[in-house]
Number of protein chains: 2
Amino acid sequence: MTTQIPVLEKIHSANDRIAAANRAILDGAGAYSLNFMASPGAGKTSLVEQTVTRLKGHARVGMINGDIATSLDAERAQNAGAAAVQINTGGDCHLDAVMLSSALNELDLTRIDLLIVENVGNLICPANWVLGTHKNVLIASVPEGADKPYKYPGIYRGVDVLIINKIDLLPYVPFDMEYFKRGVEILNPGVQTFALSCRTGEGIDAWIDWLTEQIATV
Amino acid sequence: MTTQIPVLEKIHSANDRIAAANRAILDGAGAYSLNFMASPGAGKTSLVEQTVTRLKGHARVGMINGDIATSLDAERAQNAGAAAVQINTGGDCHLDAVMLSSALNELDLTRIDLLIVENVGNLICPANWVLGTHKNVLIASVPEGADKPYKYPGIYRGVDVLIINKIDLLPYVPFDMEYFKRGVEILNPGVQTFALSCRTGEGIDAWIDWLTEQIATV
């Protein structure tokens, strides 16, 4: 009897090993870490900016930004006060544990309490690659529409935290919150959820309170 | 001297051959075809609905919908009056020419004047796979933010038509139209562009007029 191991499985298991090593490094340095995933334009960088600004004086934030091109997001994070490293994937549609491993070498993690990894804007591919961060965070946004959990179940199923951003736009777009939450509940029952607006600041307090508790656990 | 042909290049050249065959089938049947690409929630299906509704009595529309899961979008297209076929990619992040080829077999193309292929919601991977359609259409949307051409240059560079959807939200979100258009112009000078709102109907006339002319060319 022979056992077949598909190539993709081998690649994923190598990724998982490097992710575990990343986690050990982060734990060793006492840096709590989040992997921000979302569609393009859902507000990942805006939430980084809000988080850095609100934690100023309480926690030192580092940011690793994955993008196909440009360093626009890393610059925004730096302007908000974070230590930031840019990974340009050069076309790759997601970050993986190897990319994070390289980027970790470029930050002094002992001077960071919270590390936010901003993944490539994509609701599909990032879901298949663990990085080694403590929590996976999905940022949904109201104008994307309420059917997204049903259409992108993989990423909704796999996350630890769900942010519903741009709630200030609820009066201007058709978004059935009950239908959205029903879809989330089927895929990821009881997932920690925050509804907020990075633009108006509504709902940010609850996010920062929860995050502050989390940071203290590492 | 040896010549190395990377595996990926071989896969892409096989895809290109099948795409050419798809185009020949579409041309033979007299069906003009569009590949709709966009972020999740930018309004691909809403534009299909508007297009089907506005062309009723003038052109028969078929729709092939690619999604990771569910047939929600194909149902919306059918409800609007299109002949629709669903492709569930089962996790794949883009359509390719083989998937389109299979789907073409399920439609009576001689009864279709316009075939809209709705790709998977993703600003990265679909850009690398031609399908054989007559034009590639990118649907951007105002709430995604004006930096998207700079951050996702691959897809902005490769398209024939750019739709800027959800212009009804311009008063409620920060969106610098000049900055956006400058980015587009660098990557894709003179690209055919339509600014519109599928929700209010603003700007749809110009799109339908252009499309009607295009359909007549096949």
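The numbers here are math on the coordinates, done by the rules we state, and not lab data. Because the structure is predicted, anything quoted here is derived from the model rather than measured. A quick note on method: Cβ atoms are made from the backbone with ideal geometry, for glycine too, and the neighbour counts reach across all protein chains shown.
Sorted from nearest, the other copies put their B:Gly91 label points 2.4 nm away, the label point being 7 Å from Cα in the direction of Cβ. Copy A relates to copy B by a rotation, and the A residue whose beta-carbon is nearest that axis, with the distance in whole angstrom, is A:Pro143, 2. Only the Cβ atoms of Lys and Arg (+1) and of Asp and Glu (-1) were treated as charged; on that basis the dipole of the protein assembly as shown about its Cα centre amounts to roughly 220 debye.
Entry note, chain B: the mean residue ellipticity at 222 nm calculated from DSSP H runs of n ≥ 4, each adding -39500 (n - 2.57), is -11500 deg cm²/dmol after division by the residues and rounding to the nearest 500.
If you take every DSSP beta bridge whose two residues both sit in the range B:7-215, what share of them, in percent to the nearest 5, is antiparallel?
On the way: 0 of 30 bridges.
Taking every DSSP beta bridge with both residues in the range B:7-215, the antiparallel ones total about 0 percent.
Distances between copies at A:Glu106, taken between label points 7 Å from Cα along the C-beta direction, are 4.4 nm in increasing order. Stretching A:Ile11 away from A:Glu185 to a fully extended chain increases their span by 59.5 nm, per 0.36 nm per residue minus the current alpha-carbon distance. Compute the label zone of B:Met177 within the range B:8-47: residues whose backbone N is under 15 Å from the point 7 Å along Cα-to-Cβ. Taking a point 7 Å out along Cα→Cβ of B:Met177, no residue of the range B:8-47 has its backbone N under 15 Å.
Pairs of lysines in the range B:7-215 whose Cα atoms sit within less than 30 Å of one another amount to 19, provided the residues are eight or more positions apart or on different chains. What is the percent of Cα-Cα separations in chain B that go past 25 Å? The calculated P(r) of chain B puts 37 percent of pairs beyond 25 Å. Using a 7 Å projection from Cα along Cα-to-Cβ, the label point at B:His58 is separated from the same position in the remaining copies by 5.6 nm, smallest value first. Distance between the C-alpha centers of the range A:12-26 and the range B:4-64? Whole Å please. Rounded to whole Å, the Cα centres lie 39 Å apart. Three semi-axes describe the equivalent ellipsoid of the range A:1-114; taken as square roots of 5 times the Cα gyration tensor eigenvalues and ordered largest first, they are 29, 18, 11 Å.
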